[in-house]
Amino acid sequence: MKVTSHDVAERAGVSRATVSMVLNGSTAVSISTQTRERVLRAAAELGYRPNSAARMLVRGDTETIGLVATDPALLNVDGFVPQLLYGISRVNREHGYGVLLEVVDKGGAPNVYTDLVRSRRIDGMIVLNPASNDQALRGLIEDGYPLVLLGSVGHPNEHSVNFSNRRAIQSAVDHLVGLGHRRIGHIGFSAMGNIATDRRLAAYRDSLASHGLEPEPDLVGFAHHSAESGFAAMRELLARAQRPPTAILAGNDTIALGIMAAIEAAGLRVPEDIAVIGFDDLPIAAYTRPALTTIHNPAIEQGEAAARMLIRLLNREVIERPRVVFGTELVIRASSGGRVG
């Protein structure tokens, strides 16, 4: 079994932060000679060797938080992420922290997180939309690095802020089925492999099944964050489907705008021919024509919660709820229309 800094801390009767500072030779906090000797003795007895991530832990405060977005498109075209950033920056300003923004291209270096920590420019990190199989993030979690995820990698020790895709999608499908829809399509906001996209797709399928409906493969497509990509994905779906769907569940509001434009370009009407439901409830959603029925997902509040959690970690406070899950709400507007038939 791998020996961790937690084991050393228990043996020495100190915190993991103290273990980190002793083994890294940090002088940021005064630690007695007796405590240092006790930590070093415990590490030697257990055969503990700090890995690269552990060596990167606390070496002095920078009063800066690292914010990592895992896809450039999240900042370029996605309407949800700027609201998250606003919530994060507002809390950080209140507590005297700056924000260092990094964007990770999926084709980039796999050790971008550890490189950022090694640079000593940040005290802790928030990661937007992490991939579930990201081993670098899992390593930082296991080493106790101050890290909060906006999303999840499914690690039992993670600190995360998230929401239930399953409950949100179920509410949208229930609404459409209640209006009489049976041929309900879905267009994800990104390609498969994105954890949020995959979970929304699975929730869509399960929600249809709960009503005794089978998802039709021709009625499922994928966009890439932007309204333009939503337009292209909907146009492709209409071209390949033998019969158009009577409703479309969009992976987010941004692509829903393109979906509605594609429906109109095909000579069809929203909601008379195809109802549309988005996801996020961006400020613009109420002012589209027709106004967009969507799932309200409180972005600013999630950003604020993630920032507060990270600051508490940096202050070495006990986190009673390390995994916070926000509720969502279906906001019914004109784009889903009335009862079919």
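From the residues in region 169-187 that are hydrophobic (A, V, I, L, M, F, W, C) and not in a helix (DSSP H, G or I), which one is surrounded by the most Cβ atoms within 10 Å (Cβ to Cβ)? Before the answer, list the steps.
Going through region 169-187, the residues hydrophobic (A, V, I, L, M, F, W, C) turn out to be 169, 172-173, 176-177, 179, 184, 187.
Now restrict to residues that are not in a helix (DSSP H, G or I): 179, 184, 187.
On the way: LEU179: 17, ILE184: 24, ILE187: 27.
Only one residue fits best here, namely ILE187.
Before we move on, is PHE231 crowded, with 19+ Cβ neighbours inside 10 Å and farther than 19 Å from ARG166 by Cα?
Details: crowded, with 19+ Cβ neighbours inside 10 Å: yes; farther than 19 Å from ARG166 by Cα: yes.
So PHE231 fits the description; yes.
If you take the residues in region 35-83 that are at pLDDT below 70 and in contact with an Asp or Glu (Cβ under 6 Å, 6 or more places away or on another chain), which one is surrounded by the most Cβ atoms within 10 Å (Cβ to Cβ)?
Quick first cut of region 35-83, residues at pLDDT below 70 only: 49-61.
Now narrow it down to the ones that are in contact with an Asp or Glu (Cβ under 6 Å, 6 or more places away or on another chain): 53-54, 61.
Details: ALA53: 20, ALA54: 23, ASP61: 10.
Per the stated criteria, the residue is ALA54.
Can you pull out the residues in region 188-211 that are at pLDDT 90 or above, outside any loop (DSSP other than H, G, I, E, B), closer than 27 Å to LEU74 by Cα and hydrophobic (A, V, I, L, M, F, W, C)?
Selection gives LEU201, ALA202, ALA203.
Could you please give the count of residues in region 313-336 that are over 17 Å from the mean Cα position of the chain (by Cα) and either in a helix (DSSP H, G or I) or among the aliphatic types (A, V, I, L, M) (or both)? Quick ask: steps written out before the conclusion?
Step one: of region 313-336, the residues over 17 Å from the mean Cα position of the chain (by Cα) are 313-321, 329-336.
Filter once more, so that each one left must be either in a helix (DSSP H, G or I) or among the aliphatic types (A, V, I, L, M) (or both): 313-314, 318-319, 330-332, 334-336.
Adding up the residues that qualify gives 10.
Checking the condition out of contact with any Phe, Trp or Tyr (no Cβ under 8 Å at 6 or more places or on another chain), part of a loop (DSSP other than H, G, I, E, B) and β-branched (Val, Ile, Thr), which residue from VAL153, VAL91, VAL99, VAL148 passes? Break it down stepwise before answering.
Values: VAL91 fails: part of a loop (DSSP other than H, G, I, E, B); VAL99 fails: part of a loop (DSSP other than H, G, I, E, B); VAL148 fails: part of a loop (DSSP other than H, G, I, E, B).
Sole residue among the options that is out of contact with any Phe, Trp or Tyr (no Cβ under 8 Å at 6 or more places or on another chain), part of a loop (DSSP other than H, G, I, E, B) and β-branched (Val, Ile, Thr): VAL153.
Taking strands (runs of 3 or more DSSP E) that do not extend beyond region 212-311, which have at least 2 residues that are in contact with a helix residue (DSSP H, G or I) (Cβ under 8 Å, 6 or more places away or on another chain) and free of Cβ contacts under 8 Å to residues at least 40 places away in the same chain? Let's see the steps before the verdict.
Working: elements: 220-222, 247-250, 275-277, 294-296.
Filter on region 212-311 gives 220-222.
The values are calculated or read from the model by the stated rules, or taken from the named source; none is laboratory data. These numbers come from a predicted model, not from an experiment. Backbone-built Cβ (ideal geometry, glycine too); neighbour counts: all protein chains shown.
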